[in-house]
Structure formats: C-alpha cells, structure tokens
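K.L.:
Questions regarding the structure given below will be posed in turn.
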Amino acid sequence: MALLCQGCGIYSFTGVAITAETISIPNFYNDADGGPPDMAQIFTNKLLDYYQQNTNLIRVEEDGELQLEGTVTNYRLTPVAPSAAQNNDQIDAAALTRLTITVSVSYVNTTNADFDFENKTFSFFEDFDNNQNLTSIEAELIDRIFDQVILDIFNATVANW
C-alpha cells in the first residue's frame, strides 16, 4: 500500500497535481491611482475563491506551504480606436476606452522553490464604448479583468504553465 501512495498528492479540479496542502493569501494592497477604494479587497476575495473552488488546498492565515501576496499596482484608462469627426464642427475622438489593471505578485512554494517568483506582473484589459458611462460598467469591467488576471496567476503557480 505504501508503494501506491508515494505518487499521491492533492489534485485540483483542473487536473493539476499539487503536493502542498495549505495556502496563505493575505490581503493584497492597492497602490493604483484610480479605481474603487475596495479594489484590492475585491481582488483578494476573488483570488481566494478561485483557489478554493479549483484546488483542495486548505487556506491558512500565514505560513502556508504555498504563499501568494501582492499589490494592485495600476488602474489605467487609455483612449483607443480613434474615430474621425463626421464634420468640421466636431473633433476627432476615441471611440473606445481601454481599462487596464496590473497586479504584482510574489509566490513562494515551500515544497519546491523552483516555482517561486517575486514581483511578477499580471495585467489584462477590457475595452468599452465611449458612449457608456464608466461608473455604470466599472464593476463589471473590473470583474472580467480580475477573472483573467487570476487565471494567469493560477496557471503561473499551481498549474506551472
């Protein structure tokens, strides 16, 4: 029986073998100019939820076998997709605006230090029509951006992609 269990580990629901049993993810900080004041807390909660839903890792407050920490470092609005004015009374303007959010993450894997990284940046963006009011769609945009950033972090940590 002992021979059969040597290769056993904890498996995530994504099929990834994880040898660690615990994870600690303290609250991320918000060093970004702009964005909602609770943006880092929203990110932390979504990150915790993702790891709980997709792995069998047990969350501990500190000193987990896997440790993730970081900072939301950038919240930027940039005009994209310029459109020409329709007549001389109008000015050229961007038809779309891009919201980009960047997160810096440090990761420690106490079971295999080869996978550790420090201050690695993860970023994603969503474009929206300038006819839309940012305040009415901001939460949805942030949610979609965070979903992709979290997937990228997950892949860089426990999926080792």
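The values are calculated or read from the model by the stated rules, or taken from the named source; none is laboratory data. What you are looking at is a predicted structure, and each value in this text was computed from that prediction instead of being measured. Reconstructed Cβ throughout: ideal geometry from the backbone, glycine too, with neighbour counts over all protein chains shown.
K.L.:
Specify the residue that is nearest to Tyr107 (Cα to Cα); the eligible residues are those in region 23-78 that are without any contact (Cβ under 8 Å) to a residue 40 or more places away in the chain and touching a Leu at 6+ places or on another chain (Cβ under 9 Å).
P.N.:
Filtering region 23-78 for residues that are without any contact (Cβ under 8 Å) to a residue 40 or more places away in the chain and touching a Leu at 6+ places or on another chain (Cβ under 9 Å), the one nearest to Tyr107 (Cα to Cα) comes out as Arg59.
K.L.:
Within region 104-120, can you find the residues that are surrounded by fewer than 14 Cβ atoms within 10 Å (Cβ to Cβ) and either small (Gly, Ala, Ser) or within 20 Å of Tyr75 (Cβ to Cβ) (or both)?
P.N.:
Correct list: Ala113, Asn119.
K.L.:
Right, something else. For region 126-161, give me the residue count where each residue is without any contact (Cβ under 8 Å) to a residue 24 or more places away in the chain and of a type in the set (S, T, N, Q).
P.N.:
6
K.L.:
Kindly indicate whether Ser104 is modelled with pLDDT of 95 or more and of a type in the set (S, T, N, Q). First the steps, then the outcome.
P.N.:
Details: modelled with pLDDT of 95 or more: yes; of a type in the set (S, T, N, Q): yes.
Yes; evaluated as a whole, the condition is true for this residue.
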